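> Structure below; questions to follow.
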Amino acid sequence: MEKIISRPWSWSWLAAALTFAITSALTDGSGAGALAYAALSFGAFAAIVGLGQMIVITLGPGNVDLSIPAVMTLSGTLALKAMGSEPGTAMLGLGVAVLVGLGTGAANFALIYALRLPPIVATLAASLVYQSIAIWSNRGLRIKPPAGLADFATGRVLGVPNVALVGLALAIVVWIALERSVWGRWLLASGQNLRAARLAGVPVETVRASAYVTVTVLASVAGYLLASFSGGAALNMGQDYLLMSIAVVVIGGTSIAGGLSNVPGVWGAALFMFLVVSMLNSYGAGAGVRMVLTGLIIIGIVIAASTKRARK
């Protein structure tokens, strides 16, 4: 037990379990199953975008992708337009979403590398372009996903939501890539000391480019699934996932100083954040209160992590 508690990811899971227990107690235990199902369903989207943001943050201070909401909106919109509600077009829509992710990721890194823009500035500026393209392509249309895809996105297997299973599968892939591949070692080395990694022969710029492409591909997949889950693509469908994608990474135990990732912690933090929002909603708290609380949680964890590093 001490070994488990000593791991950074364990705290996000413990916080999620405690919040679930408190929320269930407030309702006298009624609806606990529905709450767990909703947490897995909606937490999956935060976990998917969080995995991508984690990879970028692992590169070190200053690395963050602010284009995630716009990429989600653009991919969901273009994927639904390509499918046109026609049966048997789910893979076509997924392909379009992945292409959006590849294109936006390459564009983001081109701004960072070629123009030497800080990642925050580059991705924020690019997000305005992506959102504008989504608005232009949407034009107020409400296209529904194909019935089979909608059934899959809202369905379950053995009581577990399908979107949660997809999120779990992606988490396993990311974990294997980080822990068992040369690319993962290169990414961690680049985050720990960029200059030392370059001198050691690590293709630093290739690693950085792959990280910024990966985050947008995962955001595109999340947008595709969210549009299918909610029955259509709205122009504000990704706005809640900007702060959320950063929150689940920080709460999940990934170091904002770079060089350390934490895949299990992202999932635990995603469940924790949804349960906190559910608990606040039960008290009638507004969106402003939820955002303030999220910000305070992030600040508190950053302070705690900084204090711990200073003591060492």
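Where a number appears in this text, it was derived from the coordinates with a stated rule and is not lab data. None of these values were measured; they are calculated from a predicted model. All Cβ positions, even for glycine, are placed from backbone atoms using ideal geometry, and neighbour counts span all protein chains on display.
> Using the Cα centre of the chain as origin and beta-carbon charges of +1 (Lys, Arg) and -1 (Asp, Glu), tell me which of Leu92, Ala196, Val56 is placed farthest towards the positive end of the dipole.
So the residue furthest toward the plus end is Ala196.
> In addition: The stretch 149-207 to the stretch 216-256: how many Å between their Cα centroids?
15
> Next question, about the same structure. Quick check: residue separation of Leu296 and Ile176 times 0.36 nm, minus the Cα distance between them. What number comes out in nm?
Stretched out fully, the Leu296 to Ile176 stretch lengthens by 40.0 nm.
> For the stretch 86-136 and the stretch 50-67, what is the separation of their Cα centres, given in Å?
Each part's Cα centre sits 15 Å from the other's.
> What residues qualify as long-range amide H neighbours of Arg156, i.e. H under 5 Å apart, gap of 5 or more or another chain, H built at 1.01 Å from N?
Residues meeting the criterion, in which the H sits 1.01 Å from N, are Asn162.
> Before rounding to the nearest 500, sum -39500 (n - 2.57) across all DSSP H runs of length at least 4 in the chain and divide by the residue total; then give [θ] at 222 nm in deg cm²/dmol.
Here the helix-only value at 222 nm equals -25500 deg cm²/dmol.
> I've got another one for you. Would you be so kind as to identify all helices of the chain, as entire DSSP H runs, whose Cα atoms reach 20 Å or more along the helix's own axis and whose mean Kyte-Doolittle hydropathy is at least -1.0?
8-26, 32-57, 68-83, 90-114, 119-138, 162-180, 204-230, 263-282, 287-311
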